[in-house]
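To keep things clear, I will list the structure first and then write my remarks on it.
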């Protein structure tokens, strides 16, 4: 499991008083970026020798969070296919442990030179498998 | 079908050169807000007499879009349950018609006073059915 | 004067109930982008043959605005120097005309190849002068 | 001096490859929020017994910053008037120390019940003076 903490900015809340639904995707992108960094693949969704395209993201909203709180975003790999893999993000309140949201992202291995999908390289597959936690 | 146009701001792109994955959720929230407005329910996700909670959102990324482009966000209702319903957002390039992304949002009817889910009122159900287009 | 209208998104408000202070800079960037487009210089802050660097931006907050409102952003040029110029943004409520905010941006003409500031080309100066309205 | 570190998110960059001009205002709002927290005044710009209105913000852009970098935002108080005060934000690259941007924010003491400006309470003035560093 890979884990980061994020501080909830006031600008990330909305007039309903809590964190806006779109802000959780900011937190999940930061989590993926740092997860891929830790795997040694440089920042963002791109790995040297392997480039990733974000194919899909989803967020289920469970409980509210508020400005000034600290959230924990835990990332695991739930599925590794031939050309794509899926990560799960569990967002909790860092103090209480309350589950705030659950997210998913599907990433596709892509060869930008040839402009087509490509199999996930073995070395990357091995790295990802260490975080594998099927749902 | 309910349709809006959005202008892609430079701030909504990222260093990969195209619109950031999180920005599409901004466009879809604007589409839902205006859709609910057109139904006569005031802005945001809350309807007088009926309040909605956003339970889940998803976006599938199909093609790139870029700063300065105009996108069309078409919203339909794909499912109406007892206490929740689902809307679909189809995001296309307003000029070329190219499909850029497909989104989904599930909204739950909620009684904030009693703090529990409640059935969708008949009048709302009737309104939503006019936009029903099962997938 | 150059004028655009922007719709205030729910995501652009904050837990204080009104538009977040940072969101006005989104509106002003959109205004500048479209202003430069109208001058025929392509999107964003970059003009072909002339590239601009944003050197400074400022916003004075006069009154509140809220989700679902439409704002007008009027842009004029307040000063044209040798290598830089300054634009003013007046943000008003499109319905009531109430002044919401006043912004300023200073842009510097920059030669990216030589990596140094350069004088504003005459043709650009002539274009800008049509919008000149010294404060 | 009050200091925080912020991580530059990919979503905070733009298609020019660097951090978007609007993102620095996110960082400065986070800095002010935490600064006021440290003074014991709760989150955001509001102090119990004293409420603040953000009257103006400004940012001068000095150098570029990029996704994945860590920035330092140092906050000092540059001026304390009767009813308002001004803070300065110095944003530097946390690794190299390079100055990235300089910001300013003017806050006004406001009595929300009576809906008018009010003098800064003595206890708040004393707190602010500890961070006073006239420019």
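Quick note: the coordinates plus some simple rules give every number you see, no bench work behind them. Quantities reported herein were computed from a predicted structural model and do not represent experimental measurements. Backbone-built Cβ (ideal geometry, glycine too); neighbour counts: all protein chains shown.
For the Cα atoms of chain A, what angle does the longest principal axis make with the long axis of helix A:23-38, in degrees from 0 to 90, nearest 10? Once rounded, the angle reads 40 degrees. In percent, rounded to a whole number, the relative contact order of segment C:2-129 is 26, using alpha-carbon pairs under 8 Å and six or more apart. Spatial offset of segment A:52-90 relative to segment D:1-20 amounts to 21 Å, using the alpha carbon center of each. Sorted from closest to farthest, the other copies place their residue C:99 label points 3.1, 5.0, 5.2 nm away, with each point set 7 Å from Cα along Cα→Cβ. Taking other C-beta atoms within 10 angstrom as a stand-in for reagent exposure, A:4, C:120, A:99 fall in the order A:99, A:4, C:120, fewest first. The packing ranking of peptides C:26-35, B:79-88, B:23-32, highest mean first, is B:23-32, C:26-35, B:79-88, where packing means the average number of other beta carbon atoms within 10 angstrom of each residue. Distances from residue A:5 to itself in the other copies, using label points 7 Å out along the Cα-Cβ axis, amount to 1.2, 4.7, 4.8 nm in increasing order. With its label point put 7 Å out from Cα toward Cβ, residue C:82 sits 4.3, 6.6, 7.8 nm from the same residue's point in the other copies, in order from shortest. Inter-label distance, residue C:96 to residue B:96: 4.3 nm, where each label sits 7 Å from its Cα along the C-beta direction. Looking down the axis that turns chain C into chain D, the chain C residue with its beta carbon nearest that axis, and the gap rounded to whole angstrom, comes out as C:58, 2.
Shape descriptor for chain D: Rg over Rh equals 1.01 (Cα atoms; Rh from the Kirkwood inverse mean 1/r).
According to the Kirkwood relation over distinct C-alpha pairs, the hydrodynamic radius of segment D:63-125 is 13.7 Å. Over chain A, dividing the summed -39,500 (n - 2.57) contributions of all DSSP H runs of at least 4 residues by the number of residues returns a 222 nm mean residue ellipticity of -5500 deg cm²/dmol.
P(r) tail for the protein assembly as shown, what percent of Cα pairs lie past 29 Å? Of all Cα-Cα distances in the protein assembly as shown, 55 percent exceed 29 Å.
Among C:77, C:124, C:108, the largest mean-square fluctuation in a Gaussian network model of chain C, built with springs joining Cα atoms closer than 10 Å, belongs to C:124.
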